[in-house]
Amino acid sequence: MHNAIAVLNAGSSSIKFSLFVERDQGLTLDVRGKVDGLYTTARFISTASDGGVIAERSWPEGVPLGHAAALDHLIRHLEAELADDRLIGIGHRVVHGGPIYSAPVRVDGPVLQVLESFTPLAPLHQPHNLTPIRQALKRTPEVPQIACFDTAFHRTQPEVAQMFALPADLREAGILRYGFHGLSYEYIASTLPELDPAAATGRTIVLHLGNGASMCALANGQSIASTMGFTALEGLPMGTRSGSLDPGVVLYLLEQRGMDAKAIETLLYKASGLLGVSGISNDMRTLLASEDPRARLAVDLFCYRINRELGSLAAALGGVDAIVFTGGIGENAAPIRSRVCQDAAWLGVDIDAGANASARRPCHISTAASRVNVWVIPTDEERMIARHTRRILG
Ligand code: ADP
């Protein structure tokens, strides 16, 4: 019998899950999967670590599945998969730990109330992240529930990096630059001591480029600055999010275009970024394959903003020893890595085209002459959550 840890990542229309089992070689991933299409046409899939499908199910149209029923299905599946192993805890991805949590926490009733109070800071994500915790606390009160936050890793940033130049009362009310993707950055930082000891103790910029995209400056493995701020809107243009915007644009849309807050939220979160600029797709694969000038413009803007942020984070670090690409685009889009590295030649970056085209992971993709080591390292937020959960349970 081994100890097992389940990891849940609940969003508005999907719940992703993983099951890690503690063996002699450490935490091994046994099962992963998801239920998606919640409230529309739900589908469930579960795969083994070799990618083989263990179980699949679809719910017919007109039989919408909500979070509660999906979670019941998942827990029953996980219980069956556990066989002789013992579930010692469930780790949850929670977007916001507010100004309070700089580390994961075991959730009980009062902690859950505090986490619910952060909902106004992340109204599109926090309620969905908390639903399975609330449900699991009721369903299996004996199983510890651990919340792991996307914001926590950034609480080491200097005060000035976490501030907006707003009056003090607003700052004290929690209007701060929180930063996100913290579990991804923490995982990448945890891989550096073995892969690149100089980068682990030096100055590293990590580019998490997925549908959501951000960058983080690590000094000695700790976050000292990041491109995302109060919400996951700031910084780089993303799949459908605008990234940084002159706040005057929002005032203009409100006052001159008669848009209300909901319409602006939809514009900035769902209809901007790569999709808004190209008018074609939010998917980098589609844009890279397209000859359409609007697709090229979207890719140009994405790379241009990355280069600008690279300069900003390099200044915050006082130089750069290493750059790491991760996330769906960072790990898979060699042309984007190539452009970003060419634009960063001024930093002493020299990319090796052959290594950049390699499918090996992790992969070192800079030349011996490069003053900056460049890496492609797959991220693993679920493993980071499992590790935190294991540590908290002692
Ligand atoms: P999320 O932020 O939702 O977790 P991912 O990290 O999975 O997203 O990244 C999704 C993005 O990765 C999409 O824009 C997708 O086009 C891009 N992507 C995945 N594979 C490739 C590839 N081979 N080439 C270019 N882009 C890719």
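Just name the residue that is nearest to LEU209 (Cα to Cα) out of those in segment 288-313 that are open to solvent by less than 10 Å² (accessible area, probe 1.4 Å) and more than 16 Å from the ligand (Cβ to nearest atom).
LEU310
Which of the helices (runs of 4 or more DSSP H) contained wholly in segment 309-376 include at least 1 residues that are of a type in the set (Asp, Glu)?
Per the criteria, 327-332, 334-343.
Hey, any hits in segment 185-192 for a residue that's open to solvent by 20 Å² or more (accessible area, probe 1.4 Å), charged (D, E, K, R) and closer than 19 Å to TYR101 by Cα?
Within segment 185-192 (the criterion being open to solvent by 20 Å² or more (accessible area, probe 1.4 Å), charged (D, E, K, R) and closer than 19 Å to TYR101 by Cα), the answer is yes, since at least one residue qualifies.
Yes/no per residue for (1) within 14 Å of the ligand (Cβ to nearest atom); (2) in contact with a Phe, Trp or Tyr (Cβ under 8 Å, 6 or more places away or on another chain):
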position: GLU194; (1), (2): no, no
position: ALA198; (1), (2): no, no
position: ARG203; (1), (2): no, no
position: LEU218; (1), (2): no, yes
position: PHE230; (1), (2): no, yes
position: GLU234; (1), (2): no, no
position: GLY239; (1), (2): yes, no
position: SER244; (1), (2): no, no
position: LEU253; (1), (2): no, no
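Name the residue, out of ILE306, ILE329, ILE365, that is in contact with a Phe, Trp or Tyr (Cβ under 9 Å, 6 or more places away or on another chain) and under 25 Å from ASN282 (Cα atoms).
Result of the check over ILE306, ILE329, ILE365: ILE329.
Restricting to segment 229-249, count the residues that are open to solvent by 40 Å² or more (accessible area, probe 1.4 Å), in a loop (DSSP other than H, G, I, E, B) and of a type outside the set (Lys, Arg).
5
Condition first: without any contact (Cβ under 8 Å) to a residue 24 or more places away in the chain and within 16 Å of the ligand (Cβ to nearest atom). Now tell me which residues in segment 333-363 satisfy that.
Selection gives ALA334, SER338, ASN356, ALA357, SER358, ALA359, ARG360, CYS363.
When you scan segment 154-172, do you find a residue that is in contact with a Leu (Cβ under 7 Å, 6 or more places away or on another chain) and either hydroxyl-bearing (Ser, Thr, Tyr) or over 21 Å from ILE205 (Cα atoms) (or both), even just one?
Looking for residues that are in contact with a Leu (Cβ under 7 Å, 6 or more places away or on another chain) and either hydroxyl-bearing (Ser, Thr, Tyr) or over 21 Å from ILE205 (Cα atoms) (or both), one finds none in segment 154-172, hence no.
The values are calculated or read from the model by the stated rules, or taken from the named source; none is laboratory data. Not measured: the values here are computed from a predicted model. Don't worry about glycine lacking a Cβ; one is built from the backbone with ideal geometry, like all the others, and counts go over all protein chains shown. The protein model used for the area step is the full one, side chains on, heavy atoms only, and it has no ligands, DNA or RNA in it. Shrake-Rupley method; radii C 1.70, N 1.55, O 1.52, S 1.80 Å.
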